[in-house]
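Only one structure is covered here, and it is reproduced in the block below.
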Amino acid sequence: MPRREEYGTMLSTTVSCVGFRGACIALAVFLVAAPACPAWAQTPTVTQIEEDWELVIGAPSPSADAPQVTTLISPLGNVDSLYATFVVNHHDAPAYKAGGLQLQVWDGEDLLVSRLFPNQALLATPGETIRWTQVMRETNDGMVFEIINGSSTTWGNFGDEGTLKATLPTSLANLNGYSPDVSVENSGVNYAANRVQSLVLKRVRAYTATDEIIEDATPRTVHTLNE
């Protein structure tokens, strides 16, 4: 079995410095006071990232197509090139339509591919909680972006049937440039934020080529309703 290491808040501090590049030796930093920003050569290769998200709806309005939410994940420390977005309760590729779920993969401002979940219902249940995991994985076939383990009242379970999955060729050798800060800074409630109780990145896992699992259990709040 892969070895799991959980860092919680300590990993969050390291991530702000070098993304997940320093994550694998964060424990060494804590135990033996190694340098805060270790040499690149010391870092195991990260091959997969998983982000667990939770969205809590307040009072949705089907007649107003509200609320609408977008989350983002990128293998790099920016959104200048490759990244993916997950859009909730609307989609705009190839044209805008209310309701449903869509995975989109972008190169900067250019849309490369999109995947639409078959159930395109509108949010209509007050207090609904929606959970899902965003996956980014480097494979021999290219970069895989996927939504898995989705659960909701409106759309039921989603993601595990492969409808929200896209694979693209890439020259990236690893996912060590990933940072949850990029995900948080570029995710949010696009429309009707007053109808969303909270949007939180609950947990992050990084899988390495040496079969380690590095887990960051620090909740990162993107949005919370101030009543």
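Considering the range 88-98, and only residues there that are crowded, with 20+ Cβ neighbours inside 10 Å and either modelled with pLDDT of 95 or more or in contact with a helix residue (DSSP H, G or I) (Cβ under 7 Å, 6 or more places away or on another chain) (or both), the residue that is nearest to residue 137 (Cα to Cα) turns out to be 88. Only one of the listed residues (89, 119) is of a type outside the set (Lys, Arg), farther than 27 Å from residue 45 by Cβ and touching an Asp or Glu at 6+ places or on another chain (Cβ under 8 Å). That residue is 89. Condition test on residue 83, is it within 21 Å of residue 53 (Cα to Cα), hydroxyl-bearing (Ser, Thr, Tyr) and touching a helix residue (DSSP H, G or I) at 6+ places or on another chain (Cβ under 7 Å)? So residue 83 does not fit the description; no.
Apart from one condition, residue 171 fits all of (1) assigned to a loop (DSSP other than H, G, I, E, B); (2) of a type in the set (Ser, Thr, Tyr); (3) surrounded by 14 or more Cβ atoms within 10 Å (Cβ to Cβ); the exception is (3). Of the residues making up the range 51-77, those that are in contact with a helix residue (DSSP H, G or I) (Cβ under 7 Å, 6 or more places away or on another chain) and either among the aromatic types (Phe, Trp, Tyr) or part of a loop (DSSP other than H, G, I, E, B) (or both) are 58, 59, 60, 67, 74, 77.
Suppose we keep only residues that are under 26 Å from residue 92 (Cα atoms) and hydrophobic (A, V, I, L, M, F, W, C) within the range 190-227. Which one would you say is surrounded by the fewest Cβ atoms within 10 Å (Cβ to Cβ)? Top of the filtered list is 225.
Applying the criterion of being among the hydrophobic types (A, V, I, L, M, F, W, C), in contact with a strand residue (DSSP E or B) (Cβ under 9 Å, 6 or more places away or on another chain) and farther than 30 Å from residue 122 by Cβ to the residues of the range 27-66, the residue that is modelled with the lowest pLDDT is 27.
Residues of the range 200-227 that are under 19 Å from residue 76 (Cα atoms) and out of contact with any Leu (no Cβ under 6 Å at 6 or more places or on another chain): 201, 203, 204, 205, 206, 207, 208, 209, 214, 215.
Listed here are the strands (runs of 3 or more DSSP E) enclosed by the range 103-163 that have at least 2 residues being closer than 13 Å to residue 53 by Cβ and of a type outside the set (S, T, N, Q): 129-139, 142-151. Is it the case that some residue within the range 109-129 is modelled with pLDDT of 95 or more, among the basic types (Lys, Arg) and surrounded by fewer than 17 Cβ atoms within 10 Å (Cβ to Cβ)? Within the range 109-129, not a single residue is modelled with pLDDT of 95 or more, among the basic types (Lys, Arg) and surrounded by fewer than 17 Cβ atoms within 10 Å (Cβ to Cβ). Selection within the range 117-150: residues that are in contact with a Lys or Arg (Cβ under 9 Å, 6 or more places away or on another chain) and aliphatic (A, V, I, L, M). The member of this set that is farthest from residue 178 (Cα to Cα) is 123. Taking the residues in the range 154-168 that are modelled with pLDDT of 95 or more and exposed (fewer than 15 other Cβ atoms within 10 Å of the Cβ) as candidates, determine which candidate is farthest from residue 218 (Cα to Cα). Among those that are modelled with pLDDT of 95 or more and exposed (fewer than 15 other Cβ atoms within 10 Å of the Cβ), it is 156. Restrict the check to the range 195-206 and report whether at least one residue is in contact (Cβ under 8 Å) with a residue 60 or more places away in the chain, touching a strand residue (DSSP E or B) at 6+ places or on another chain (Cβ under 9 Å), in a helix (DSSP H, G or I) and under 21 Å from residue 83 (Cβ atoms). No, that holds for no residue. The numbered conditions (1) over 11 Å from the mean Cα position of the chain (by Cα); (2) surrounded by fewer than 18 Cβ atoms within 10 Å (Cβ to Cβ) are all true for residue 186 except (1).
The values are calculated or read from the model by the stated rules, or taken from the named source; none is laboratory data. The structure displayed is predicted, hence computed values, not measured ones. Here Cβ is always computed from backbone atoms with ideal geometry, including for glycine, and neighbour counts include all displayed protein chains.
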